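One structure below.
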Amino acid sequence: MIIKFKTLTTFFIIIIAMTGCKSDKSEFDKILIFGQKYTDAWNSKVPEKMASFYAENGILIVNKGTPAIGRKQLAETAQSYMEAFPDLELTMDSLTKKNGTYRYYWTFRGTNTGSNGTGNKVNFSGFEEWTMNEQGLVQKSLGTYNAEEYQKQLEGI
């Protein structure tokens, strides 16, 4: 499609208007990229990289358990999984937005060969519901997965 402009001034006004617009789509695209990088951080096996996606005082609560608060505790939580599953592979399955929060859906695969490991493979899915702060970091994450299914896989039942 070819659009002709009568004046150069009109052209600039249209470009400024188009580039100055923010839409939910562009914000969603940013969080989608954020989710992909978050996944990469988990797969890096460097717990501090995962924790860097959270606000300094960010919170992660998994299955209504004890919250990990702040980057130090977040890194410790990530490290526990990384040590228990040295071959862990996290994949991002999808991302949705509803009522101002994002849901990051994931699948976790790995073999429990860490210290005192069972040697069993696990393959389970879940999601994290993210509330983002003004800096574009996770302020609060509510994680959910089927703990019973995870435990069965871990124990080889």
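The values are calculated or read from the model by the stated rules, or taken from the named source; none is laboratory data. From a predicted model like this one, the values you see are computed outputs, not experimental measurements. Cβ sites come from the backbone with ideal geometry, for glycine too, and all protein chains shown count toward neighbours. Heads up: the accessible areas ignore ligands, DNA and RNA and are worked out on the full protein's heavy atoms, side chains in. Shrake-Rupley method; radii C 1.70, N 1.55, O 1.52, S 1.80 Å.
Tell me which residues, restricted to region 106-135, are small (G, A, S), closer than 25 Å to I69 by Cα and open to solvent by less than 30 Å² (accessible area, probe 1.4 Å).
Residues satisfying the conditions are G114, G126.
Could you list all residues from region 111-143 that are among the charged types (D, E, K, R) and either more than 11 Å from the chain's Cα centre (by Cα) or farther than 23 Å from Q153 by Cβ (or both)?
K121, E129, E134, K140
Do we find a residue being of a type in the set (F, W, Y), within 24 Å of N146 (Cβ to Cβ) and within 13 Å of the chain's Cα centre (by Cα) anywhere in region 29-51?
Looking for residues that are of a type in the set (F, W, Y), within 24 Å of N146 (Cβ to Cβ) and within 13 Å of the chain's Cα centre (by Cα), one finds at least one in region 29-51, hence yes.
Out of region 52-68, which residues are touching a Gly at 6+ places or on another chain (Cβ under 8 Å) and surrounded by 19 or more Cβ atoms within 10 Å (Cβ to Cβ)?
Residues satisfying the conditions are G58, L60.
Does N123 meet the test of being under 30 Å from S26 (Cβ atoms) and polar (S, T, N, Q)?
no
How many residues are in contact with a Leu (Cβ under 9 Å, 6 or more places away or on another chain) and either assigned to a loop (DSSP other than H, G, I, E, B) or open to solvent by 80 Å² or more (accessible area, probe 1.4 Å) (or both) when one looks only at region 74-100?
0
Select from region 133-157 the residues that are touching a strand residue (DSSP E or B) at 6+ places or on another chain (Cβ under 6 Å) and either assigned to a strand (DSSP E or B) or under 15 Å from F34 (Cβ atoms) (or both) and list them in ascending order.
N133, L137, V138, Q139, K140, S141, L142, G143, T144, Y145, listed by residue number.
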